[in-house]
Amino acid sequence: MPEDDLPDYRTDRSGWVPGGAPLRVVRARTVDDVRNTLAAAHRDGTPVVTRGAGTGLAGAASAGSGTIVLDVSGLDRILHLDPVDAIARVEPGVITADLDRAAAAHGLFFAPDPGSVAICTVGGNIATNAGGLRATRYGVTRDSVLALDVVLADGRLIRVGRQTVKGVAGLDLTALIVGSEGTLGVVVGATLRLLPRPRQVATAAAYFATVADAAKASIALAAGGLRPSVVELVDGRTLAAIDALRGTAHAGTGDAFLLVQADGFGAAEEIDAVAGVLGRTATSVRTTLDPDTAAALAAARRDALPAIEAKGPVLIEDIAVPRSRLGEAFDEVHRIAAETGTDIHVFAHAADGNLHPIIRTGDDPAAAHRAADRIFALALDLGGTVAAEHGVGALKRSWMERELGPDVLALQRRIKEIFDPTGILNPGKAL
Ligand SMILES: Cc1cc2nc3c(=O)[nH]c(=O)nc-3n(C[C@H](O)[C@H](O)[C@H](O)COP(=O)(O)OP(=O)(O)OC[C@H]3O[C@@H](n4cnc5c(N)ncnc54)[C@H](O)[C@@H]3O)c2cc1C
């Protein structure tokens, strides 16, 4: 790769820079490259920051002075795809959308679908336990991981998990490594579960007079026994930002937008039932089975982040609350915006209670960070979490003790010491 095309290894998509430049970058091509790098770093006590595509939003892959960056994006082969067992064996640098495309050739799909699916790696998804739009029905990345090949801090290669759908032998170290943000080992291979690709996707798009109405409607879907694959809520400020970017008229149609999709057998029937529930309080509801019309309706969700980012630099936050408290969380975030004088847009994976408050940093980054801290406190007060799907990284580490409590955090740090006795794996991140 030409020097100019190399990523800026000092940061990830959060923009957080720890300071200084890394000692060196190892661009691994083989498992032995990873093993040799870690064995030497372990001997010398040199910190190692593993990196996939660097699309993380928590500073977890940001590398500061004195570190070795271990870039595993070049380990990017799909090794085996078995349509009968419905599994894929992959290297960690495979781009998530490429795996899904390969699965599609066999009538299968890879369920995790973060918004960054076209640019992030499967290894990064595993290390952050990434979620996505379809998580409400198909779960998060952990639910799709059967087995992992992991290089430990001292260079040893272990295999955890199984190639079968069932299996209960021993403690579940696979689940432990998923979401560990490069602090327990380096994932160099994964066996992933694939699912039958839905034959049909049905879409409903509804506008509401208030975000509280939209939040209540999203909860009413579950209460009505419906289980759509996508339930996305977009607030009025975000709709206005999309209008400014695209010349659309969403904000004039309502102060909140809900996108719902059902898939698989019975999708059309389910979306009719969804429309019935939404229609009780929505100002308008449209449904479609046509993919092009669905793509047009989904634009009010798809364009949300680009439209907000077009207004200037932002902090992208990621909290979750019990979904019964979603409306309360939206109202409180808007109140925090008013009280801190910050510009906050919110969209949400509503069925998961997962809100993304996007805070414009503008002329006063300190106010934006104060607002973020209040949002984290709000998440905990409502019985939720400060880190729903983007990881803890460096940026939310100070909140870990408050969320986990001192005993659980101490236990987690002792587990890390077993995996990484000299503390070389992504120190200062996650735990
Ligand atoms: C536009 C946009 C939309 C996004 N939407 C979503 C979303 O909907 N849901 C979501 O969950 N996230 C989302 N993200 C965040 C990000 O894409 C995910 O966190 C993704 O999983 C990171 O993958 P990556 O390859 O870029 O990892 P990186 O950013 O390179 O790394 C992330 C972490 O994983 C570790 N890591 C990477 N590879 C390995 C490995 N092989 N072994 C061990 N550790 C490793 C790194 O050390 C770091 O701690 C979004 C980001 C953007 C920019």
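The numbers here are math on the coordinates, done by the rules we state, and not lab data. Because the structure is predicted, anything quoted here is derived from the model rather than measured. Backbone-built Cβ (ideal geometry, glycine too); neighbour counts: all protein chains shown.
Miscellaneous remarks
- All positions within region 374-431 that are on the phi > 0 side of the Ramachandran plot and of a type outside the set (S, T, N, Q): 383, 391, 393, 405, 423, 428, 430
- Residue list for region 146-167, filter: surrounded by fewer than 18 Cβ atoms within 10 Å (Cβ to Cβ), away from the ligand (no atom under 14 Å from the Cβ) and outside any loop (DSSP other than H, G, I, E, B): 159
- Subset of region 361-390 [touching a strand residue (DSSP E or B) at 6+ places or on another chain (Cβ under 8 Å) and part of a helix (DSSP H, G or I)]: 368, 369, 371, 372, 375, 376, 378, 379
- In region 55-87, the residue that is surrounded by the fewest Cβ atoms within 10 Å (Cβ to Cβ) out of those that are within 15 Å of the ligand (Cβ to nearest atom) and among the acidic types (Asp, Glu) is 76.
- Test for residue 170: is it more than 16 Å from the ligand (Cβ to nearest atom) and not in a loop (DSSP other than H, G, I, E, B): no
- Residue satisfying all of: in region 22-54; assigned to a loop (DSSP other than H, G, I, E, B) and out of contact with any helix residue (DSSP H, G or I) (no Cβ under 7 Å at 6 or more places or on another chain); farthest from the ligand (Cβ to nearest atom) among these: 45
- Test: residue in region 88-102 that is part of a loop (DSSP other than H, G, I, E, B), of a type in the set (A, V, I, L, M) and crowded, with 23+ Cβ neighbours inside 10 Å: yes
- Helices (runs of 4 or more DSSP H) wholly inside region 219-311 that include at least 1 residues being more than 23 Å from the chain's Cα centre (by Cα) and free of Cβ contacts under 8 Å to residues at least 12 places away in the same chain: 236-246, 250-253, 267-278, 291-302
Conditions (1) touching a Lys or Arg at 6+ places or on another chain (Cβ under 9 Å); (2) outside any strand (DSSP E or B); (3) among the hydrophobic types (A, V, I, L, M, F, W, C), marked per residue:
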| residue | (1), (2), (3) |
| --- | --- |
| 327 | yes, yes, no |
| 337 | yes, yes, yes |
| 342 | yes, yes, no |
| 356 | no, no, no |
| 359 | no, no, yes |
